[in-house]
1. Can you tell which of 63, 114, 88 is at pLDDT 95 or above, touching a Gly at 6+ places or on another chain (Cβ under 6 Å) and surrounded by 19 or more Cβ atoms within 10 Å (Cβ to Cβ)?
2. With the checklist (1) within 22 Å of residue 228 (Cα to Cα); (2) more than 16 Å from the ligand (Cβ to nearest atom); (3) buried (at least 24 other Cβ atoms within 10 Å of the Cβ) in hand, flag the one item residue 161 doesn't pass.
3. Look through the range 17-26, keep the residues that are touching a Ser or Thr at 6+ places or on another chain (Cβ under 9 Å) and of a type outside the set (Lys, Arg), and return whichever of them is farthest from residue 98 (Cα to Cα).
4. Select, from 75, 105, the only residue that is polar (S, T, N, Q), touching a strand residue (DSSP E or B) at 6+ places or on another chain (Cβ under 9 Å) and crowded, with 24+ Cβ neighbours inside 10 Å.
5. Applying the selection to the range 25-79, what residues are over 16 Å from residue 116 (Cα atoms), touching a residue at least 60 places away in the same chain (Cβ under 8 Å) and either within 16 Å of the ligand (Cβ to nearest atom) or basic (Lys, Arg) (or both)?
6. Residue by residue through the range 13-47, note down the ones that are under 22 Å from residue 60 (Cβ atoms) and in a helix (DSSP H, G or I).
Amino acid sequence: MSLFDQMPGLADFATTAHWLSLRGWSEGAGGNMSVRLEHPFDARPGEEIDLPVHVPHLAGMSIMFTGSGTRARETALHPARDIGVYQIGADGKSYAWLAGNQKPTIELPAHCAIHNALAKHRPEDRAIMHTHPANLIALCHDPKLGDGAKISDTILRLQSEALLHLPEGIGYVPHQFPGSLDLGLASAKLVDRHRLVLWHMHGCLATGKDLATAFDYMEYFEKCAGIYWALRAAGINPVGMSDEDIKKTLIHFGQLDRYRP
Ligand SMILES: [Zn+2]
């Protein structure tokens, strides 16, 4: 086995890709993931490539990225082929290939912008996952919802544990081009508070201490969105828990201070 095959987090990456595929959340080559390694990966860096964004909080770090055009359903079986590890330059202005897949996702700069914000505000959260769950994308099409605050308030009260996992609610980014740095920069502004950021008519971004945990957050939100659409399809106007029950539940579990109604 090579050093790359034994890299911490590679199994988490492959398992999460497997589940993204099983859930039908990453159709084709849709979606991508990245994880900051706790320790620099020991390999000779390749050519330095300029980043279009300055990421000083990532200086010298090693980060795993999904390879460009790779499919989650295949990454699960061939992680060492589909995942590459890169080093951010000491000045936070460039990156260089270290091992594995040599053609990173085009969203690498966007992911770097988000990792830079995470490293600053929530350094324990090292994983980023972007994927396309249908029930979540459908929320962006509902004129009754609109922004992140309204979506959080409507959707997360439909199941009594959802707000315990996501008391801050979700962030929301209006339309940006897929894969663009602007999409990454807009998301980076929201991840200081939000573990999840919904991208308008595109998909959702999840963050967590590892990819399995980021996937958990996506599941909690997707479950509530599924309940929302099931109720709407049955002709029921989703009302959910009362404000009083939400408060009592959050107080009981010591999460009220994180709640942003
Ligand atoms: Zn996407």
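1. Result of the check over 63, 114, 88: 114.
2. The one condition residue 161 does not meet is (3).
3. We begin by selecting, within the range 17-26, every residue touching a Ser or Thr at 6+ places or on another chain (Cβ under 9 Å); these are 17-18, 20-21, 23, 25-26.
If we keep only those that are of a type outside the set (Lys, Arg) too, we end up with 17-18, 20-21, 25-26.
Numbers: 17: 21, 18: 24, 20: 26, 21: 27, 25: 29, 26: 26 Å.
The selected residue is 25.
4. Working: 105 fails: crowded, with 24+ Cβ neighbours inside 10 Å.
Criteria check complete, one pass: 75.
5. 25, 26, 27, 30, 31, 32, 75
6. First, the residues of the range 13-47 that are under 22 Å from residue 60 (Cβ atoms): 13, 33-47.
Passing the criteria: only 13.
To keep it simple, each residue is scored yes or no on (1) within 15 Å of the ligand (Cβ to nearest atom); (2) acidic (Asp, Glu); (3) part of a helix (DSSP H, G or I).
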{"residue": "194", "(1), (2), (3)": "no, no, no"}
{"residue": "206", "(1), (2), (3)": "yes, no, no"}
{"residue": "215", "(1), (2), (3)": "no, no, yes"}
{"residue": "236", "(1), (2), (3)": "no, no, no"}
{"residue": "239", "(1), (2), (3)": "no, no, no"}
{"residue": "245", "(1), (2), (3)": "no, yes, yes"}
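The values are calculated or read from the model by the stated rules, or taken from the named source; none is laboratory data. Values in this document were obtained by computation on a predicted structure and should not be read as measured data. Methodologically, a virtual Cβ is constructed for each residue, glycine included, from the backbone with ideal geometry; neighbour enumeration extends over all protein chains shown.
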